[in-house]
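The next block holds one structure in the form of structure tokens; read it before the comments.
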Amino acid sequence: MTRILILGGTTEASVLARALAAEGKDAVFSYAGRTDGPVTQPLPTRVGGFGGVSGLVAYLRAESIRAVVDATHPFAAQMSRNAVEACGLAGVPLLALERPSWVAGNDDNWSHVPSVDAAVRALPDSPARVFLAIGKQNLAGFAAKPHHYLLRLVDAPEAPPLPDCTVILARGPFDADADKALMLQHNISHIVAKNAGGAGAEAKLIAARALGLPVILIDRPTLPAREVVASVAEVMRWLAHADLGV
Ligand code: 3Y8
Ligand code: NAP
């Protein structure tokens, strides 16, 4: 039996973990340790960074990992880059499980920006009430625009992350009706989001469409070339491949 490493932290990673556990596969699930008390997985789970590329190579060798599935979030670019390099050095097959980007429909009022800084610049200069649903790692730059920000975070911040903000604590996946009620309750005029794709973060886009609100959508970072699939079923087929022997 050959050990599989799942780089997790997304809805799809959790679905994959359940499929592997159901088949009794020898797999280990990995979280970065970004949040307090992450969702419990049905697989042995490790939490925390590996220590860069060299740390990951050492882990792959020490744990006799024979296949890696990168099921991290599209914005977890550093982890994905490290996985490509480390698996290349260690000679371990790597597959990425990645959900497609969201694509605007006729009723959507989206503007696409290449970065968080560009999202700040895309906000109006006149006062606005902005639902900033991009987590806590990229908030500081928004202080440049004196808007009221509604922040949705997983864990309580030590101090208010922005001068004029309301913080709500919630862990997705989220619901469109609840997000619509939230936007009405806070009189939101703009939404800023990452083009995460998937269903877990889509609720706010569906709510914005229903309310006719503009969305500033941040493009995904570019990642190195690697084999990518978009479904758990394709991952299971890849893992069953003869030369992986898992
Ligand atoms: C630690 C594991 C599962 C996974 C669920 C998905 C869905 C809910 C939607 C909004 C957007 C945001 C954020 C978000 C979503 C899923 C998925 C997804 C967005 C957990 C989790 C970890 C993280 C890390 C966290 C980041 C933050 C981003 C919040 C667990 C809940 C905004 C991304 O406080 C922090 O430091 C949070 C940091 C990275 C982005 C950021 O830069 O701040 N995710 N999210 C993982 C680890 O330690 O390895 O705690 O249980 C997982 C999920 N978050 O099993 O069902 O698959 O996308 N996560 C974004 O999309 O913009 C919330 O509020 O509408
Ligand atoms: P990142 O910036 O790409 O990674 C920074 C460092 O965190 C990595 O170099 C690695 O540390 C460690 N790391 C990241 N993911 C890891 C994992 N699954 N297991 C072990 N170590 C990991 O990552 P991020 O954007 O902060 O995301 C962190 C976690 O949150 C990931 O699991 C991701 O799937 C999840 N997530 C992120 C977002 C988002 O918007 N970024 C959204 C939803 C979920 P070392 O170099 O020390 O190995």
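Report, by residue number, each residue of region 8-32 that is more than 11 Å from ligand 2 (Cβ to nearest atom) and at positive phi. Across region 8-32, the qualifying residue is only GLY24. The set of residues in region 94-113 that are in contact with a Leu (Cβ under 6 Å, 6 or more places away or on another chain) and surrounded by fewer than 17 Cβ atoms within 10 Å (Cβ to Cβ) contains only HIS112.
Applying the set (1) in a loop (DSSP other than H, G, I, E, B); (2) at pLDDT 95 or above; (3) crowded, with 19+ Cβ neighbours inside 10 Å; (4) within 16 Å of ligand 2 (Cβ to nearest atom) to THR222 leaves exactly one unmet item: (3).
Can you name the residue in region 171-197 that is more than 13 Å from ligand 2 (Cβ to nearest atom) and assigned to a loop (DSSP other than H, G, I, E, B) and, of all such residues, is surrounded by the most Cβ atoms within 10 Å (Cβ to Cβ)? The residue in question is ILE188. Residues that are buried (at least 20 other Cβ atoms within 10 Å of the Cβ) and either at pLDDT 95 or above or in a helix (DSSP H, G or I) (or both) within region 198-214 comprise ALA203, LYS204, LEU205, ALA207, ALA208, listed in sequence order. Residues in region 61-83 that are of a type in the set (A, V, I, L, M), surrounded by 16 or more Cβ atoms within 10 Å (Cβ to Cβ) and within 18 Å of ARG99 (Cα to Cα): VAL68, VAL69, ALA71, ALA76, MET79, ALA83. Screening region 1-73 for strands (runs of 3 or more DSSP E) wholly inside it with 1 or more residues that are under 18 Å from GLU85 (Cα atoms) and within 11 Å of ligand 1 (Cβ to nearest atom) returns the ranges 3-7, 27-31. Filter region 33-62 down to the residues that are near ligand 2 (Cβ under 9 Å from one of its atoms) and hydroxyl-bearing (Ser, Thr, Tyr), then identify the one that is modelled with the highest pLDDT. Filtering region 33-62 for residues that are near ligand 2 (Cβ under 9 Å from one of its atoms) and hydroxyl-bearing (Ser, Thr, Tyr), the one modelled with the highest pLDDT comes out as TYR59. Just to verify a result, which residue in region 99-120, among those that are without any contact (Cβ under 8 Å) to a residue 60 or more places away in the chain and part of a helix (DSSP H, G or I), is farthest from ILE216 (Cα to Cα)? Among them, the one singled out is ASP117. ALA96: more than 21 Å from ALA208 (Cβ to Cβ), in contact with a helix residue (DSSP H, G or I) (Cβ under 9 Å, 6 or more places away or on another chain) and modelled with pLDDT of 95 or more, yes or no? So ALA96 fits the description; yes.
Pairs meeting the criteria (first residue in region 73-98 and more than 14 Å from LEU223 (Cβ to Cβ), second residue within 16 Å of ligand 1 (Cβ to nearest atom) and in a strand (DSSP E or B), beta carbons under 7 Å, at least 6 apart or on different chains) are VAL92/VAL68. A count restricted to region 146-159 and to residues that are buried (at least 19 other Cβ atoms within 10 Å of the Cβ) and either of a type in the set (Phe, Trp, Tyr) or part of a loop (DSSP other than H, G, I, E, B) (or both) stands at 2. Contact annotation: residue pairs with Cβ atoms under 6 Å, 6 or more positions apart or on different chains, pairing a residue in region 186-204 that is over 12 Å from SER101 (Cα atoms) and among the polar types (S, T, N, Q) with a partner that is more than 6 Å from ligand 1 (Cβ to nearest atom) and outside any loop (DSSP other than H, G, I, E, B), are ASN187/ARG129; SER189/ARG129. Against the list (1) under 16 Å from the mean Cα position of the chain (by Cα); (2) surrounded by 14 or more Cβ atoms within 10 Å (Cβ to Cβ); (3) outside any helix (DSSP H, G or I), the condition LEU162 fails is (1). For region 123-133, the condition of being buried (at least 17 other Cβ atoms within 10 Å of the Cβ), of a type outside the set (Asp, Glu) and assigned to a loop (DSSP other than H, G, I, E, B) holds for at least one residue.
Restricting attention to region 24-53 and to residues that are closer than 22 Å to ALA230 by Cα and free of Cβ contacts under 8 Å to residues at least 24 places away in the same chain, the residue that is surrounded by the fewest Cβ atoms within 10 Å (Cβ to Cβ) turns out to be TYR31.
The values are calculated or read from the model by the stated rules, or taken from the named source; none is laboratory data. None of these values were measured; they are calculated from a predicted model. We place every Cβ from the backbone using ideal geometry, glycine too, and count neighbours over all the protein chains shown.
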